[in-house]
Structures are given as C-alpha cells and as structure tokens.
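Structure first, commentary second.
The values are calculated or read from the model by the stated rules, or taken from the named source; none is laboratory data. Nothing here was measured: the structure is a model prediction, and the numbers come from that model. Heads up, the Cβs are rebuilt from the backbone with ideal geometry, glycines too, and the neighbour counts pull from every protein chain shown. What goes into the accessible areas is simple: the full protein's heavy atoms, side chains included, and nothing from ligands, DNA or RNA. Shrake-Rupley method; radii C 1.70, N 1.55, O 1.52, S 1.80 Å.
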Amino acid sequence: MNYMPIIAAIALLTAPCRSFSPAQVLPLLQVRAPRQQELTIISSSTISISTSISTSSTKLHSLKPAALPLMDAGKALARSGELLIDATSTPKLDIYGGGLSSAGANLRNAGDCLAQAAASCRFKTASELVCDEMREAATCLIEAVVHLKKAADDAEVDELLAMKGCIENDMIPYMQKSGEILELAGAGIMKREKLDDIGKYFVAAGAEMGQLALGIQKIDGELEETKVSGQRMLYASQKLREAGNNLMGVKPEQKKGKSWLKG
C-alpha cells in the first residue's frame, strides 16, 4: 500500500502558520482509490492474456504412436523404389538410366526420409525434425513425377504405348497426390495442428500409395521385380494408414470367433 498521500496530508495539517480545511485535505486521501481500481483491472487483463497464451500452444502432442508403423512404411517404400530400379535393368525392359529408374531412386529417398521421421517421432521435442523429414519425403515424391513424365515420353519413342498409358494414368496422378498430402502433413506438424488432422493426412496419403502400387504392377505383370515392388508399396500404404489411425486413436479391428485356435 502506498502511504505517500496520507503522509502528505499529515504534513500539510501540521505545517506551521497555516490552516487547512477538511475540503482541502479529503481529495489527497481519496487519490489512491481510482488508481487501485485501475491497477486491479490491468492485473486481471494481464492474467487473462498469459492464460490464453499458455493454453493455445499445446495443441500438438506426442507423435510417438505413429513411430513404429511409420518406420515400417518408410522401409517398405524405400524397398519398392529399389525394386523398381532393378526392374528397369532386366533384359525384358532394359530401360535403366531413364525416367523410370530415376523415379525409383526418388521413391527410395522418400522412404529413407519417412524412416528418419519415424525415428524422430519417439521424442517429444523432435517435432521440427519430423516436419523437415516429412516435407523432404514429399519433395522426393513430387520430383519423381517429373521423372515419370520423362519415362512416359521415352516409352512413346520406343513405341511402348501400354507402358506410356500406365505411367500417365496409373502412376503420375497418385504419385503427385501422395507428395502433396505428405507436404500438408509436414506443414501441419510445423503449425502444431491437432493429432487428428495429422492422422487424416497419413491415412489419405496411404490411400493414394495403395493406388500407386497397382500402377507399378501394371508396368509388367509378369516381371517379378515390378510385382514385388507393387507389393512393397501396398505394404507401405497399409502401414502409413495404420500410423494415421494411431494418431487419431482408432483401434484396429480384433478378429472375431475362434479362428486363433487353429494351428
């Protein structure tokens, strides 16, 4: 409490050779009241502001539930890219060094980035690393689209019209969409969006990769490398959707009946 107004009033009353009326002293004693009310208002507004700041920065929680399935998705995606490169070097296709093998290299790099993002998901303070790796994976997939367009042009020159149609209709749209959705996921992590929103991005990207897996197998259905590459891509799709469901809190369906008793 500030006692200065009271001390000033006492000093005026006790001053020699001067007399003061109560009307002159009373305003000095009442100076403190409005200032105290003003201080109370300021302090309450300050408290409310600090409370709103502390509650608005805790939307994003731990990404640890997505760590294991995201790691499996990254490994499978990288393996799918490696098998696609191997397919281009087989005597049946013999297009190694072209756009399709370059797209496979981008798939491999994207898988490595996803696996690195999954490793960082285990730590609560590594959300920035997860964001960077996720967006790098998206960049690799979008760059793969450029190489797929070149592969379609090469197939047209070699009069491989079935392969050209497969690349343009069954691979490019889904590769492009997968990269764009992963970019949104990385941006959402950076903006500290809710885990449900991040999970929805993972599920959507997994669905696009599932369609991409079918496109890879259509390149040559009889070739073992393209067949297994599509299978690895499909597995990556399933695990990426599982990671999204874990973030959204969706529990996997349990098997019903007694089928587990069978050996």
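Observations, loosely collected:
- Candidate set from region 160-185 (those that are over 23 Å from the mean Cα position of the chain (by Cα), open to solvent by less than 10 Å² (accessible area, probe 1.4 Å) and not β-branched (Val, Ile, Thr)); member that is nearest to Gly74 (Cα to Cα): Met171
- Here the condition is being closer than 25 Å to Lys149 by Cβ and not in a helix (DSSP H, G or I); of Glu180, Glu159, it holds for Glu159 alone.
- As a summary of the residue check, Ala138 satisfies the conditions (1) open to solvent by less than 70 Å² (accessible area, probe 1.4 Å); (2) modelled with pLDDT of 95 or more; (3) out of contact with any Asp or Glu (no Cβ under 6 Å at 6 or more places or on another chain) except for the one numbered (3).
- Test for Cys131: is it under 17 Å from Leu77 (Cα atoms) and either crowded, with 23+ Cβ neighbours inside 10 Å or not aromatic (Phe, Trp, Tyr) (or both): no
- Yes/no for Glu82 being modelled with pLDDT under 95 and open to solvent by 50 Å² or more (accessible area, probe 1.4 Å): no
- Search result, residues across region 85-128 that are open to solvent by 30 Å² or more (accessible area, probe 1.4 Å), over 30 Å from Asp158 (Cα atoms), modelled with pLDDT of 90 or more and among the hydrophobic types (A, V, I, L, M, F, W, C): Ala119
- Selection within region 209-227 - in a helix (DSSP H, G or I), open to solvent by 40 Å² or more (accessible area, probe 1.4 Å) and in contact (Cβ under 8 Å) with a residue 12 or more places away in the chain: Gln211, Leu214, Gln217, Glu225
- So Ile198, is it buried (at least 19 other Cβ atoms within 10 Å of the Cβ), over 17 Å from Ser127 (Cα atoms) and of a type in the set (A, V, I, L, M): no
- Filter pass, Ala144 being crowded, with 20+ Cβ neighbours inside 10 Å, within 15 Å of Thr88 (Cβ to Cβ) and touching a Lys or Arg at 6+ places or on another chain (Cβ under 7 Å): no
- Answer from Gly186, Gly165 - the residue that is in a helix (DSSP H, G or I) and free of Cβ contacts under 8 Å to residues at least 24 places away in the same chain: Gly165
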